[in-house]
Amino acid sequence: MSSAVEVRKPFAVRPLTPKLGAEISGVSLAEEITPDLFRSIYDAFLRYQVLLFPPQDVPPGRQVAFARHFGEVQIHIMNQYHADGFPELYRLSNLDEKGNPNGRHPDKGTLSWHTDGSWSRVTGQATIIYGEVMPDTGGETHFCDMYGAYERLDPAWKARIADMRAVHNLDFSRTRRHGEDLMTAEQRAARPPVDHPIVRTHPETGRKCIYLGDHAESIVGMPYAEGRALIEELNALAVHPDLTYEHRWKAGELLVWDNRCVMHRATPYDPATQRRVIRRCTVLGEVPV
Ligand SMILES: [Fe+2]
């Protein structure tokens with residue numbers, strides 16, 4: 001009698017860099033994800049921080065359903081971007097009604113290193129992006145490991161920022177970066193500035209990381225200019241080639257990342273000649289500590 005039991009991994013994992021990122025193949029996101037399968041995906045999410053699913057058809061409703069496994073899905077305050085009848089989805093596109101490039105970048109704020117939803121008291125946990133249309137050049141997404149960024153700091157830096165809090169403000173980052181498509185008075189009133197610790201402890205892994213990025217405007221209890229200088233210095237210090245993964249998209253790919261321990265940015269593309277359409281969904285996490 002054979003006692004052999006076939007143990008099957010639910011998917012294949014291929015690390016994308018030594019530090020962060022992994023490609024997950026063998027999962028069909030268009031189908032219902034079972035709780036067991038999701039647990040395995042979530043373990044990989046905590047381990048690798050950024051997950052890449054290879055090209056496949058993921059209809060908008062399936063993207064939202066997948067996101068709900070992670071937690072409560074954010075309804076973004078910038079409601080002009082809501083997509084496909086799903087207020088949970090935020091579409092960034094440079095196409096006109098005929099599908100031609102309109103020459104306008106849909107959100108220049110994404111070009112600077114940031115972490116999604118840091119301007120909110122309850123910040124972003126996972127962001128899930130589906131690439132509908134991708135340009136031939138540019139429009140990449142870059143990621144940086146914020147655990148590694150913290151670990152690289154010398155003891156003097158660690159001691160200096162140990163108890164500091166930064167004020168994050170969506171109105172600040174949008175206005176100063178491009179001054180286009182500003183928040184309405186109503187949107188501004190709904191999203192007043194909030195403060196978070198600069199050194200954050202990930203609620204699930206227990207590891208410390210730097211929590212800053214482009215929405216961080218000032219430091220609590222510090223003169224404005226001094227706080228600005230410190231934020232700029234730390235944001236620059238955090239990004240290091242050994243800690244980054246630069247993703248060049250193929251249409252149909254889906255990326256998920258953990259905003260609690262990763263910063264990201266998009267790279268520019270020519271919105272007059274190239275087409276780029278993504279669908280984004282952010283899952284709410286917790287108040288950082
Ligand atoms: Fe983002």
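The values are calculated or read from the model by the stated rules, or taken from the named source; none is laboratory data. What you see is a predicted model; the values in this text were computed from it and never measured. Using ideal geometry, Cβ is built from the backbone for each residue, glycine included, and neighbour counts are taken over all protein chains shown. Note: accessible area is taken over every heavy atom of the protein model, side chains too, but ligands, DNA and RNA are not part of it. Shrake-Rupley method; radii C 1.70, N 1.55, O 1.52, S 1.80 Å.
Shape class of segment 217-289 from the Cα gyration tensor (axes a ≥ b ≥ c, square roots of the eigenvalues): prolate, since a/c reaches 1.5 or more and a/b is larger than b/c. Can you work out D for the chain in µm² s⁻¹ from Stokes-Einstein, where Rh is the Kirkwood radius over C-alpha pairs, the temperature is 37 °C and the viscosity is 0.692 mPa s? Rounded, D is 166 µm²/s. Largest first, the three principal axis extents of the alpha carbons in segment 51-191 are 56, 39, 33 Å in whole numbers. Taking a straight line from the alpha carbon of K98, these lysines sit under 24 Å away, with near neighbours fewer than eight places off in the same chain left out: K108, K250. Residues E253, E233 ordered from highest to lowest accessible area at a 1.4 Å probe: E233, E253. Within the chain, the selection of entire DSSP H helices by a Cα span of 20 Å or greater along the long axis and an average Kyte-Doolittle value of at least -0.5 returns 224-238. Taking D258, D242, D181 as the candidate residues, the one with maximal mean-square fluctuation in a Gaussian network model of the chain, Cα springs under 10 Å, is D181. Within the shell defined by Cβ-Cβ distances under 11 Å, the residues around G252 carry a net charge of -2, with Lys and Arg each +1 and Asp and Glu each -1. Taking every alpha-carbon pair under 8 Å whose residues sit at least 6 apart, the chain reaches a relative contact order of 34 percent. Between A225, L111, G252, the Cα set farthest toward the positive side of the dipole of the chain (charges on each charged residue's Cβ, about the Cα centre) is that of A225. Whenever you get a sec, compute what percent of the accessible area on the chain sits on carbon and sulfur atoms (1.4 Å probe). Answer for the chain is 52 percent, counting heavy atoms of protein chains only. Taking the chain as a Gaussian network, where each spring joins two C-alpha atoms under 10 Å apart, which residue of V50, V13, V73 fluctuates the most? Maximum among the listed residues: V13. Relative contact order of segment 80-154, taken over Cα pairs closer than 8 Å and 6 or more residues apart, is 12 percent. With a simple spin-label model that places each label point 7 Å from the Cα along the Cα-to-Cβ direction, the separation between K98 and H69 comes to 4.2 nm.
For the chain, the solvent-accessible area works out to 45 Å² per residue, with a probe of 1.4 Å and every protein chain left in place. Mean separation of Cα pairs under 8 Å and 6 or more residues apart, divided by the residue count, gives segment 96-215 a relative contact order of 36 percent. If you build a Gaussian network model of the chain, linking Cα atoms that sit under 10 Å apart, which residue out of P192, P241, P271 swings the most? It is P241.
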